[in-house]
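J.: Dropping a structure here in structure tokens format, bear with me for questions.
The values are calculated or read from the model by the stated rules, or taken from the named source; none is laboratory data. Worth saying up front: this structure is predicted, and the values here are computed from it rather than measured. Positions of Cβ are backbone-derived with ideal geometry, glycine not excepted, and every protein chain shown enters the neighbour counts. All accessible areas refer to the heavy atoms of the entire protein, side chains included, with ligands and DNA or RNA removed. Shrake-Rupley method; radii C 1.70, N 1.55, O 1.52, S 1.80 Å.
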Number of protein chains: 2
Amino acid sequence: MKNINNSKLKIIPLGGLEQIGMNITAFEFEDSIIVVDCGLAFPEDDMLGIDLVIPDITYLKDNISKVKGFVITHGHEDHIGALPYVLKEINIPVYATKLTVGLIDNKLKEHGLLKKVKRKVVKHGQSINLGAFRVEFIKTNHSIQDASALAIYSPAGTIVHTGDFKVDYTPVFGDAIDLQRFGEIGKKGVLALMCDSTNAERKGFTMSERTVGRTFDNIFAEHKNTRIIIATFASNVDRVQQIINSAYKFGRKVVVEGRSMVNVIGTASELGYLNIPDNTLIEIEQMKNYPDEQMVLITTGSQGESMAALSRMAADVHKKVTIKPGDTVIFSSNPIPGNEKAVSKVINELSMKGADVIFQDAHVSGHACQEEIKLIYSLVRPKYAIPVHGEYRHLKAQAEIAKNLGIEKENIFILSSGDVLELDDSQAKVVNHVQTGAIFVDGLGVGDVGNIVLRDRQHLAEDGILIVVLTLEKHSNMVMAGPDIVSRGFVYVRESESLMEEARHVVENSLDYCMDKKITDWGKIKNNVKESLGDFLWKKTKRNPMILPIIMEV
Amino acid sequence: MKNINNSKLKIIPLGGLEQIGMNITAFEFEDSIIVVDCGLAFPEDDMLGIDLVIPDITYLKDNISKVKGFVITHGHEDHIGALPYVLKEINIPVYATKLTVGLIDNKLKEHGLLKKVKRKVVKHGQSINLGAFRVEFIKTNHSIQDASALAIYSPAGTIVHTGDFKVDYTPVFGDAIDLQRFGEIGKKGVLALMCDSTNAERKGFTMSERTVGRTFDNIFAEHKNTRIIIATFASNVDRVQQIINSAYKFGRKVVVEGRSMVNVIGTASELGYLNIPDNTLIEIEQMKNYPDEQMVLITTGSQGESMAALSRMAADVHKKVTIKPGDTVIFSSNPIPGNEKAVSKVINELSMKGADVIFQDAHVSGHACQEEIKLIYSLVRPKYAIPVHGEYRHLKAQAEIAKNLGIEKENIFILSSGDVLELDDSQAKVVNHVQTGAIFVDGLGVGDVGNIVLRDRQHLAEDGILIVVLTLEKHSNMVMAGPDIVSRGFVYVRESESLMEEARHVVENSLDYCMDKKITDWGKIKNNVKESLGDFLWKKTKRNPMILPIIMEV
């Protein structure tokens, strides 16, 4: 593949670089665009009421004739979660490994898109041709099965994209990461490596998933007389497999609880990624037929999510499971940053009910630490380094690693979403910036809540609202009814009667003032009311509620 | 001291056991009550708009004639922060060590209470008599100077309360914890030990504060050519001392930035707890007269607090300090649970500005780990163990330690706030439960925001509000004006015009229905509007905004 006309390759991240999640990157060469991943992000704390965040794909819509397909590295939400929303806007084919397609199909089904969108299963080692590109799927290891790195071949050169990965020499299911192939591709010459940065601040090597299985065996051996409840990530099929293995070994039945857990296990075992011995899995209703010491519950809620099964058990509002003294509860997970307090709350509640809570050594990360990152760099030996997947601090930590491995500083690019990095063998630089952004999903609404609405929600959340209503006569502007003041989220009205009464006087004075000064413009009257009431309340309470004057006319 | 009439001692925690912070415990013997600590708690995530949380002291008010004084263990907010609020309600004397009184005085000054409340400085080793009680202050180590454990002598027996503590054999300032005295008191017989549980889940020993000084020296030696900015807790005077020591050693000037930092350093150096070499401290305005490599900035903001100095520097909105490439920024702190994301945000912003951010090895905890807890138990050898200070999981971890040290299970008490634990040498049990609770401080308001107001704020935060206003004629109930719908925090109105138009029709239909059915009761009309509009919006958007119908009458 020789690049005769000297066209350059463009790499355009459309999300994923300013936050964890929402991974989506376009690769463009002449009239071909392919898109790697299409993830969602979970809302930040200040995005009140927002359910999900998805990427703005204006750039893809504007160039829709060029877009050949989505290539998906693995089935986690931050890589596939925005697909159903995006595919409603641009219907292009999706390429991924079998389990990943299975998980995507679940989503498309929910959104009624299964018959409308083309999906194609690709095996590790296989390549697909998409316009000017050829994309090869390379086996990696991660906290979900069937994860892939991608070798993206273009006339301008080869890009290796690791996706999320770790190096697991002894995986629970299937093969170890195909290090040979990374070496082989590297040997032929790689333009750029886009490598997972999530754990780039952590020294050493991530432990094998298999070590968690040994921990389970130990815990099962030590807690032979109690019920065991294990919370983990629904998508970590290998983890579930190891729990099932330990359960089988120790003669326990397994119950699966939590909607997403049931879904993923269903899909994984249907597709052959999970090996469940006969008569091991039972329905939750059958639990009562077995003594505690013959039961294992696998459940969602390892992040303290308030609606998940484990949190409901801890809060005593789960319909079918009641925590009792002696229960052994294992958190097979680490709290994701931001979830620490929620997890701690669940641990406290479980402890109060007498459960023995174990949260150490029952988890390993799915991401490469520093030594693994160095290994991949050393196999691939790219000219350019483009750290991906992580917050800025993580990207910078990988940049530091790349520098120490001898990659020249000016060949390391920490990109921002929207940057257009143009590169070929002779040069790489950011030449342009395209529109990107975060679109909020709230209930059924996609994009109908934006920053102004969020700012209002924050204001309302902080100090509540006072609504001032009055009815004016059309021509005279005489007050016919009101002013009435109604408040929500401000103070206990019953205990603040005198304050509210004074507030009413302030409004009346303000209206008298407008009358005297012959101010008839409603906008000005409203502003006057707003300012005088706002000043009064600030002086009295040091609070700043939203004030909303409404004038009616009869 | 023999207990002739067989009266029992009562221990009544009035806060601090269901959450971190808000420590306050009453000790009652016949007609004497003393109160240990009077702290505040910081609001949980769901306490929208709340500034502080203070304890409900109804029990003390109801028994005010018995209350002899507050005995304060140390000057952290979770032990002194509620004092100014509580002292406004019950004016009783306060006993504490010198620095602790100094920090309390700062608070009383702000609240105009300095002349109204009696404070008395107590030295380590001294005792005070308060009714039936004698209270001895025992030297301990903690992340603030002048921390004390208390030996509380009563006719029913002796209680040892550790306060927050660690064992530091090589403290930066003053003496190590008075282990001999713990042993001596223990030898004479101790009824109950109330011991800090914060780090009871952590194995081993907490490192000496002095180790952080060595880390600073190393970092200063490695970063000779850059400006150094160090964020830490304002109250950790020893930490500040060690920064000043390193600065002096390496020929740097020190600037202190952030209001609470300036305050604490002022108080600490006035009282002789901080030793600042001449010409070392300079004003922030003088900074421009020195090259970067001769500057150290000590700043607040180590927890990512959005209004603190470091956060403002990171966000480029600090008036006097601009972060530049090459700056070395040290986080001399660990994120307190719940602050992880905020801290990470600041680290990302600093990194993006080219700063070199160091957040490892520059902090040690102020709380005892498992081996230190065992040490104190072994010196005090109490009959009863009452773990304090920590979430339930931490209390339980200490209970486990106590059990392993041979204390009988039925002599270990994990109390709840409000429990009345009655004890003497023969028996201990919870005999009663008194009123306790969390009172919200919002601006100037204390207690005027409660759960209903918070629930409204949460509702408003989640989905916003729709206000439906209409004017009816007095007798006929004819609609004279409206219905008008105004929304905030719901949707972009401009992009949802048709939705709002439809909503208006729904309201009109609802009013027509009421008219037809001759429903004239305003409450019923409002309910009808609320329900039909609520149903419509849920169907259309899967959102549930607050709906507030307001009827005016002309």
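J.: Looking at B:Phe413, B:Phe440 in this structure, which one is within 11 Å of another protein chain (Cβ to nearest Cβ) and either among the polar types (S, T, N, Q) or within 17 Å of B:Glu18 (Cβ to Cβ) (or both)?
T.: On the way: B:Phe413 fails: within 11 Å of another protein chain (Cβ to nearest Cβ).
Step by step, each of B:Phe413, B:Phe440 is checked, and only B:Phe440 is within 11 Å of another protein chain (Cβ to nearest Cβ) and either among the polar types (S, T, N, Q) or within 17 Å of B:Glu18 (Cβ to Cβ) (or both).
J.: Then there is this: Return only the number of the condition from (1) open to solvent by less than 10 Å² (accessible area, probe 1.4 Å); (2) within 7 Å of chain B (Cβ to nearest Cβ); (3) without any contact (Cβ under 8 Å) to a residue 60 or more places away in the chain; (4) under 30 Å from A:Thr520 (Cα atoms) that A:Pro483 does not satisfy.
T.: So A:Pro483 meets the others, but not (2).
J.: Same structure, new question: Kindly state which helices (runs of 4 or more DSSP H) lie completely within the stretch B:163-281 and contain at least 1 residues that are outside the structural domain of B:Leu310 (by TED's automatic domain parsing) and free of Cβ contacts under 8 Å to residues at least 12 places away in the same chain. Full working, then the answer.
T.: Details: elements: B:179-188, B:210-222, B:237-249, B:259-270.
The helices (runs of 4 or more DSSP H) meeting that bar are B:179-188.
J.: Another question, if that's okay. Name the single residue, out of those in the stretch B:319-338 being over 25 Å from the mean Cα position of the chain (by Cα) and closer than 30 Å to B:Thr170 by Cα, that is surrounded by the fewest Cβ atoms within 10 Å (Cβ to Cβ).
T.: B:Thr328
J.: A:Glu372 - would you say it is in contact (Cβ under 8 Å) with a residue 60 or more places away in the chain, open to solvent by less than 10 Å² (accessible area, probe 1.4 Å) and among the charged types (D, E, K, R)? Break it down into steps so the answer makes sense when it comes.
T.: Numbers: in contact (Cβ under 8 Å) with a residue 60 or more places away in the chain: yes; open to solvent by less than 10 Å² (accessible area, probe 1.4 Å): yes; among the charged types (D, E, K, R): yes.
In short, yes.
Per-residue answers, yes or no, for (1) assigned by TED's automatic domain parsing to the domain that holds A:Ala234; (2) open to solvent by less than 10 Å² (accessible area, probe 1.4 Å); (3) of a type in the set (D, E, K, R):
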position	(1), (2), (3)
A:Leu17	no, no, no
A:Ala26	no, yes, no
A:Val36	no, yes, no
A:Gly39	no, yes, no
A:Glu44	no, no, yes
A:Asn63	no, no, no
A:Ile72	no, yes, no
A:Glu77	no, no, yes
A:Ala82	no, yes, no
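J.: Here's a follow-up. Consider B:Ile452 carefully, then state whether it is at the interface with another protein chain (Cβ under 10 Å from one of its Cβ atoms), assigned to a helix (DSSP H, G or I) and out of contact with any Ser or Thr (no Cβ under 7 Å at 6 or more places or on another chain).
T.: Judged against the criteria, B:Ile452 is a match.
J.: Which residues, counting only those in the stretch A:410-427, are surrounded by 17 or more Cβ atoms within 10 Å (Cβ to Cβ) and out of contact with any Lys or Arg (no Cβ under 8 Å at 6 or more places or on another chain)?
T.: Residues satisfying the conditions are A:Phe413, A:Leu415, A:Ser417, A:Gly418, A:Asp419.
J.: Out of the residues in the stretch A:534-554 meeting the condition of being facing chain B (nearest Cβ under 8 Å) and touching a helix residue (DSSP H, G or I) at 6+ places or on another chain (Cβ under 7 Å), tell me which one is modelled with the highest pLDDT. Spell out how you get there, then give the answer.
T.: Of the stretch A:534-554, the ones facing chain B (nearest Cβ under 8 Å) are A:540-543, A:546, A:548, A:550, A:552-554.
Checking the rest, the ones that are also touching a helix residue (DSSP H, G or I) at 6+ places or on another chain (Cβ under 7 Å) come to A:540, A:543, A:546.
On the way: A:Lys540: 92, A:Arg543: 93, A:Met546: 96.
For the stretch A:534-554, the residue satisfying everything is A:Met546.
J.: OK, next. Give A:Thr226, A:Thr162 a once-over and let me know the one that is more than 19 Å from A:Phe27 (Cβ to Cβ) and either among the hydroxyl-bearing types (Ser, Thr, Tyr) or open to solvent by 40 Å² or more (accessible area, probe 1.4 Å) (or both).
T.: After applying the criteria, what remains is A:Thr226.
J.: Determine which single condition A:Val493 fails, assuming it passes every other condition in (1) in contact (Cβ under 8 Å) with a residue 12 or more places away in the chain; (2) touching a helix residue (DSSP H, G or I) at 6+ places or on another chain (Cβ under 7 Å); (3) open to solvent by less than 80 Å² (accessible area, probe 1.4 Å).
T.: (1)
J.: Okay, next question. Give me the residue from the stretch A:471-480 that is touching a residue at least 24 places away in the same chain (Cβ under 8 Å) and open to solvent by 10 Å² or more (accessible area, probe 1.4 Å) and, out of that set, farthest from the other protein chains (Cβ to nearest Cβ). Walk me through how you get there before you give the answer.
T.: Step one: filter the stretch A:471-480 for residues touching a residue at least 24 places away in the same chain (Cβ under 8 Å), giving A:471-474, A:477, A:479-480.
Narrowing further to those that are open to solvent by 10 Å² or more (accessible area, probe 1.4 Å): A:473-474, A:477, A:479-480.
Working: A:Glu473: 9, A:Lys474: 10, A:Asn477: 14, A:Val479: 10, A:Met480: 5 Å.
Residue satisfying both the conditions and the ranking: A:Asn477.
J.: Here is a further query. Being more than 48 Å from the chain's Cα centre (by Cα) and part of a strand (DSSP E or B) is the filter here, so list the residues in the stretch B:478-504 that pass it.
T.: B:Val479, B:Met480, B:Ala481, B:Gly482
J.: Then there's this: How about the stretch A:310-345: which of its residues are of a type in the set (Gly, Ala, Ser), more than 25 Å from A:Glu285 (Cβ to Cβ) and either facing chain B (nearest Cβ under 9 Å) or part of a helix (DSSP H, G or I) (or both)?
T.: A:Gly338, A:Ala342, A:Ser344 - these are the residues of the stretch A:310-345 that are of a type in the set (Gly, Ala, Ser), more than 25 Å from A:Glu285 (Cβ to Cβ) and either facing chain B (nearest Cβ under 9 Å) or part of a helix (DSSP H, G or I) (or both).
J.: Any residue that is open to solvent by less than 10 Å² (accessible area, probe 1.4 Å), farther than 30 Å from B:His223 by Cβ and touching a Phe, Trp or Tyr at 6+ places or on another chain (Cβ under 9 Å) - is there at least one of those in the stretch B:339-352?
T.: No, that holds for no residue.
J.: Let me ask you something else. Do the conditions hold for B:Met261, that is, is it over 17 Å from B:His223 (Cβ atoms), open to solvent by less than 40 Å² (accessible area, probe 1.4 Å) and more than 29 Å from the chain's Cα centre (by Cα)?
T.: Values: over 17 Å from B:His223 (Cβ atoms): yes; open to solvent by less than 40 Å² (accessible area, probe 1.4 Å): yes; more than 29 Å from the chain's Cα centre (by Cα): no.
Spelling it out, it is not the case that B:Met261 is over 17 Å from B:His223 (Cβ atoms), open to solvent by less than 40 Å² (accessible area, probe 1.4 Å) and more than 29 Å from the chain's Cα centre (by Cα).
J.: From the list B:Ala399, B:Ala368, which residue is within 14 Å of chain A (Cβ to nearest Cβ), among the small types (Gly, Ala, Ser) and not in a strand (DSSP E or B)?
T.: Of B:Ala399, B:Ala368, the one residue that is within 14 Å of chain A (Cβ to nearest Cβ), among the small types (Gly, Ala, Ser) and not in a strand (DSSP E or B) is B:Ala399.
J.: Exactly one of these conditions fails for B:Pro43: (1) within 14 Å of chain A (Cβ to nearest Cβ); (2) touching a helix residue (DSSP H, G or I) at 6+ places or on another chain (Cβ under 9 Å). Give me its number.
T.: (2)
J.: If I filter the stretch A:455-470 down to residues being open to solvent by 20 Å² or more (accessible area, probe 1.4 Å) and charged (D, E, K, R), which single residue comes out as farthest from the other protein chains (Cβ to nearest Cβ)?
T.: At the first step, the residues of the stretch A:455-470 found to be open to solvent by 20 Å² or more (accessible area, probe 1.4 Å) are A:455-456, A:458-459, A:462.
With charged (D, E, K, R) added as a condition, the list becomes A:455-456, A:462.
Values: A:Arg455: 9, A:Asp456: 4, A:Glu462: 4 Å.
Out of the qualifying residues, it is A:Arg455.
J.: Can you tell which of B:Lys517, B:Lys526 is over 23 Å from A:Gly49 (Cβ atoms), open to solvent by 30 Å² or more (accessible area, probe 1.4 Å) and within 12 Å of chain A (Cβ to nearest Cβ)?
T.: That would be B:Lys526, the only listed residue that is over 23 Å from A:Gly49 (Cβ atoms), open to solvent by 30 Å² or more (accessible area, probe 1.4 Å) and within 12 Å of chain A (Cβ to nearest Cβ).
J.: Right, here's the next one. Assigned to a helix (DSSP H, G or I) and small (Gly, Ala, Ser) - does that describe any residue in the stretch B:49-66?
T.: yes
J.: Quick one: count up the residues across the stretch A:514-544 that are of a type in the set (Gly, Ala, Ser) and under 20 Å from A:Asn477 (Cα atoms).
T.: Adding up the residues that qualify gives 2.
J.: Here's something else I'd like to know. Is the stretch A:508-530 home to any residue that is more than 46 Å from the chain's Cα centre (by Cα), among the small types (Gly, Ala, Ser) and assigned to a helix (DSSP H, G or I)?
T.: There is at least one residue in the stretch A:508-530 that is more than 46 Å from the chain's Cα centre (by Cα), among the small types (Gly, Ala, Ser) and assigned to a helix (DSSP H, G or I).
J.: Could I ask something else about it? Scan the stretch A:70-83 and tell me whether some residue there is assigned to a strand (DSSP E or B) and at pLDDT 95 or above.
T.: Yes: one or more hits.
J.: Now for a separate question. Collect the residues in the stretch A:409-419 that are more than 24 Å from A:Gly447 (Cβ to Cβ) and either among the β-branched types (Val, Ile, Thr) or out of contact with any helix residue (DSSP H, G or I) (no Cβ under 7 Å at 6 or more places or on another chain) (or both), keeping them in residue-number order.
T.: A:Glu410, A:Asn411, A:Ile412, A:Phe413, A:Ile414, A:Leu415
J.: Within the stretch A:116-128, track down each residue that is farther than 27 Å from A:Thr58 by Cβ and open to solvent by 10 Å² or more (accessible area, probe 1.4 Å).
T.: If the condition is that a residue be farther than 27 Å from A:Thr58 by Cβ and open to solvent by 10 Å² or more (accessible area, probe 1.4 Å), then A:Val121, A:Lys123, A:His124, A:Gly125, A:Gln126, A:Ser127 are the ones that fit.
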